[in-house]
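A quick write-up on the structure given underneath.
The values are calculated or read from the model by the stated rules, or taken from the named source; none is laboratory data. As the structure is a computational prediction, the values presented were derived from the model and not from experiment. Ideal geometry is used to build each Cβ from the backbone, glycine not excepted, and the neighbour counts take in all protein chains shown. The protein model used for the area step is the full one, side chains on, heavy atoms only, and it has no ligands, DNA or RNA in it. Shrake-Rupley method; radii C 1.70, N 1.55, O 1.52, S 1.80 Å.
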Amino acid sequence: MKNKLIKTVMASFSVLMLAACSNPNQNSQTSEGNPTSDRLVIYSPNSEGLINATIPAFEEKYGIKVDLIQAGTGELFKKIESESSAPVADIIFGGSYTQYAQNADLFQEYISTENDNVQEEYRNTTGYSTPYTLDGSVIIVNKDLTKGMNIKGYQDLINDELKGKIATADPANSSSAFSQLTNILLANGGYDNEAAWTYVQKLFGLINGKISSSSSNVYKAVADGEMAVGLSYEDPTVKLLNDGANIEIIYPEEGTVFLPASAAIIKDAPNSENAKKFIDFIISKEVQDTLGTMTTNRPVRADATTSENMKNISDIKVIVEDYDYVIEHKNDIVKRYNEIFINSQSN
């Protein structure tokens, strides 16, 4: 009877051990009771270039296996929200300030030990979202089609010779075009400044209704010689320079806004300690130098190295977006732009 009882207890213990081992998300425990694992689940909308510059190096350095799920930013934020009662992912790697600010309750507080090495304007001040790259609004010009023009900023685009030759996407439907619009407003006096809106009216009169269907068509049209000038953003235009395109990137002398892409740890992440390591890693000097020299993503660290075709940020007049204002007044800004665009069509 005694032997039978011992066998029953041992069999039950074996079943429990097998059940624990069969769960791929099961964390072991250290002697202090802190969860440890060799896994990290990342949700990301990022490009293959940025992913390849970060995740394999992280896996190699820490011996941690990354499970990567890629999709659009909006889709991933909705997925995190739907899974909030039982999180699947540990990290969201990518997305704008606006998306994080509007979903703060989905994330765990963590400020990296590397935070003080980031340029002051782009440090983690929310307590949970960590900027790791920047992308700025720029003017891209085709050198052949703008000979004799001295384009240094937005005011130089108010030129009758450029009518119908300025490429832009639709600020009402394109995030990069909307960022360009708010950059223009801020650089010309402010989001609700009448002189700034008068400038927008003049500019879209010259654009003459030629709105590109996508932001990628803007820089491609300029590089291909279909348009003389484009209202674009830094990342793809630097890639064009790297590939030998006959273009020039203008950082407006009135000021350039650089918007950060961020990462954050998901609240109740199954592998939160590994997630902290990843946050530290992506803003480390090692990774930031790689991003600045091997990709077209601008690093956030003040001491990071950048490639020849990426102008040093210290040589650019930088102006800082009022994120909270833009979030609150986005619909108003778009509405006023739409009125200007409709009026430009009727003239």
In region 289-306, what count of residues is obtained for those that are in contact (Cβ under 8 Å) with a residue 24 or more places away in the chain and surrounded by 15 or more Cβ atoms within 10 Å (Cβ to Cβ)? 9
One residue from Lys330, Lys311, Lys335, Lys285 being under 25 Å from Lys61 (Cα atoms) and of a type outside the set (Ser, Thr, Tyr): Lys285
Residues being buried (at least 17 other Cβ atoms within 10 Å of the Cβ) and either among the hydroxyl-bearing types (Ser, Thr, Tyr) or not in a helix (DSSP H, G or I) (or both): count how many of those fall in region 65-96. 11
Going by the structure shown, is Asp315 loosely packed, with under 15 Cβ neighbours inside 10 Å and out of contact with any Gly (no Cβ under 9 Å at 6 or more places or on another chain)? yes
Quick check on my filter: what residues within region 107-125 are of a type outside the set (S, T, N, Q), surrounded by fewer than 19 Cβ atoms within 10 Å (Cβ to Cβ) and assigned to a helix (DSSP H, G or I)? Asp116, Glu120, Glu121
Quick one: how many residues across region 145-157 are hydrophobic (A, V, I, L, M, F, W, C) and outside any loop (DSSP other than H, G, I, E, B)? 1
Somewhere in region 256-279, is a residue touching a residue at least 24 places away in the same chain (Cβ under 8 Å), closer than 13 Å to Ile139 by Cα and buried (at least 19 other Cβ atoms within 10 Å of the Cβ)? yes
Out of (1) over 28 Å from Ser176 (Cβ atoms); (2) assigned to a helix (DSSP H, G or I); (3) hydroxyl-bearing (Ser, Thr, Tyr), the one Thr54 does not meet is (1)
Out of (1) assigned to a strand (DSSP E or B); (2) open to solvent by less than 70 Å² (accessible area, probe 1.4 Å), what's the single condition that is false for Glu248? (2)
If we keep only residues of region 307-318 that are touching a residue at least 12 places away in the same chain (Cβ under 8 Å) and of a type in the set (S, T, N, Q), then the residue nearest to Tyr251 (Cα to Cα) is Asn309
Mind counting the residues in region 129-148 that are open to solvent by less than 50 Å² (accessible area, probe 1.4 Å) and under 19 Å from Tyr219 (Cα atoms)? 10
Within region 264-310, of all residues that are in contact with a Ser or Thr (Cβ under 7 Å, 6 or more places away or on another chain) and small (Gly, Ala, Ser), the one modelled with the lowest pLDDT is Ser307
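Any residue at all in region 244-252 that is modelled with pLDDT of 95 or more, under 20 Å from Ser47 (Cβ atoms) and under 22 Å from the mean Cα position of the chain (by Cα)?
The answer is yes, given that some residue of region 244-252 is modelled with pLDDT of 95 or more, under 20 Å from Ser47 (Cβ atoms) and under 22 Å from the mean Cα position of the chain (by Cα).
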Would you be able to say whether some residue in region 160-173 is modelled with pLDDT under 95 and closer than 30 Å to Glu114 by Cβ? no
Options Asp303, Asp332, Asp268, Asp280; residue that is out of contact with any helix residue (DSSP H, G or I) (no Cβ under 9 Å at 6 or more places or on another chain) and part of a loop (DSSP other than H, G, I, E, B): Asp268
